[in-house]
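*Asks:* One structure, as structure tokens, below. Some questions next.
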Amino acid sequence: MTISTLIADLGCAVGATHVLTAAHDTAPFLTDWRKRFTGRAEAVVFPATAGETAAALRACARHGAAVVPQGGNTGLCGGATPDPQLRSVVLNTRRMNRVRELDTANDTITVEAGCTLQALRDAARAGSRLFPLSLASQGSCTIGGNLATNAGGTQVLQFGNTRDLALGLEVILPDGNIWDGLRALRKDNSGYDLKHVFIGSEGTLGVITAATLKLFALPRSRLTALATVQSLQAAISLLRRMRSLAGPTLTAFELMSRHCLEEAATFCGRKPPIDPPAPWNVLAEVSDYQDEVHAHAVLEACLDAGSGAPVEEVVLARSLAQTDRLWQLREAIPEAQARAGGNVKHDVSLPLSNLPDFVRAADEAVLREFDWAQPVVFGHLGDGNLHYNVGCRAGIPAQRAFDHESEINQIVYDAVHRFGGSFSAEHGLGQLKRGMALHYKSTVEMELMRSIKKALDPTGRMNPGKLL
């Protein structure tokens, strides 16, 4: 069969106007968000339903074409970018963007995979409910991509990763069969929990086309504070204190190094709220279900240095506008880093008790080897997830860090492994980190993963070159 027949079959599956083949049309879908990876594809297709997706996958199976599922194309590891050497079809889910059902009695929402995270959160709020997953890219990332990478974000502390928010999935298998697992049940012990096979699989086992997700009550008050501490150990002590005093109302606990906060403030065109910033800065949020007075009392008690809180200075947001300004600084960090030329990124997780030793060891090892390096550390301290990035000091071209990327990665990932952590916390592996699994996962674990892949995708056509 020829390329022209493949394109014709895809046109029959999704409609000819929803199949792109011209280079200038497909180009935006063939490069990842960080511009690290660029691939090629015979076509980019946009199915509007699960049935059209199934038909497109059957067409690709007949022609032996690889399939690369893609949502908002906001990933950081090249997981939604096709391999430049393979004959691929990019299957973009943006036309599958409907909210199928909002069930406030059951506190669930069923949405299609191409629904943006922001649209999902807005739909939940319109029903006086909260969908807690929150990411800086939520205006453009899609729930299908969030599920495929098991995204985390800033509210994992109370609500967990995307995996913890999913009740059921609709998935198109590589042969075009449809698995309808859209169950809105909190309990179902009727066999293997198949949804978890596909969550975090990065499109290597099938295409998620819809999901049934958990909703929660909207908090009556949401208050945020920025606090400075002198050490990572002090930040962890503050986290322990806030967990004890605030309990489940503590919904976010973000960490930013001095360098991160200064860079983000410059990017936003303003001074840091506490100037100069301390070595470490914590952004904490309380979501209260009583009222704002109670929320203020809880937050002030947590951050009261006079009663033992290990803080130096505190800025307490007194309005929603002030809260938004504080969060803008945290969410601007990735874009600020990109504007500065980028850096070698690491998305790692460790036991909280080992975080200070890891950062100390990684800093020492990186700076011993590269005296021009600048560690850039921030992340979701509440769940042990750090973005330990390595850039260049002022005046040094950013490219120097990328020229030494493999050496930097080995230093950082060896330290992560030594302190009992994972080299990927929430971004997935994609193309960027797929080789790391061979170094840091056991032979048994790798064989189990390969067995699942072979069982569901025996010809290896689903998103090849990713994850494994």
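*Asks:* Can you pull out the residues in the range 158-174 that are out of contact with any strand residue (DSSP E or B) (no Cβ under 6 Å at 6 or more places or on another chain), touching a residue at least 60 places away in the same chain (Cβ under 8 Å) and buried (at least 21 other Cβ atoms within 10 Å of the Cβ)?
*Replies:* Within the range 158-174, just ASN161 meets the criteria.
*Asks:* Right, here's the next one. I'd like the full set of residues that are assigned to a loop (DSSP other than H, G, I, E, B) and over 19 Å from ILE396 (Cβ atoms), limited to the range 319-345.
*Replies:* Here is the first cut: in the range 319-345, the ones assigned to a loop (DSSP other than H, G, I, E, B) are 319, 332, 340-343, 345.
Once the filter is applied, which keeps residues that are assigned to a loop (DSSP other than H, G, I, E, B) and over 19 Å from ILE396 (Cβ atoms), the range 319-345 yields SER319, ALA332.
*Asks:* A further question follows. If only one of VAL315, VAL348 is touching a Gly at 6+ places or on another chain (Cβ under 7 Å), not small (Gly, Ala, Ser) and not in a loop (DSSP other than H, G, I, E, B), which one is it?
*Replies:* VAL348
*Asks:* A further question follows. Can you tell me which condition ARG270 does not meet? The list is (1) out of contact with any strand residue (DSSP E or B) (no Cβ under 6 Å at 6 or more places or on another chain); (2) at negative phi; (3) modelled with pLDDT under 90; (4) surrounded by fewer than 17 Cβ atoms within 10 Å (Cβ to Cβ), and all the others hold.
*Replies:* Among (1) out of contact with any strand residue (DSSP E or B) (no Cβ under 6 Å at 6 or more places or on another chain); (2) at negative phi; (3) modelled with pLDDT under 90; (4) surrounded by fewer than 17 Cβ atoms within 10 Å (Cβ to Cβ), ARG270 violates only (3).
*Asks:* Which condition does ASN106 not pass, out of (1) in a loop (DSSP other than H, G, I, E, B); (2) of a type outside the set (Gly, Ala, Ser); (3) crowded, with 18+ Cβ neighbours inside 10 Å, if it passes all the others?
*Replies:* (3)
The values are calculated or read from the model by the stated rules, or taken from the named source; none is laboratory data. Because the structure is a prediction, the values reported are computed rather than measured. Note: ideal-geometry Cβ built from the backbone for every residue, glycine included; neighbour counts use all protein chains shown.
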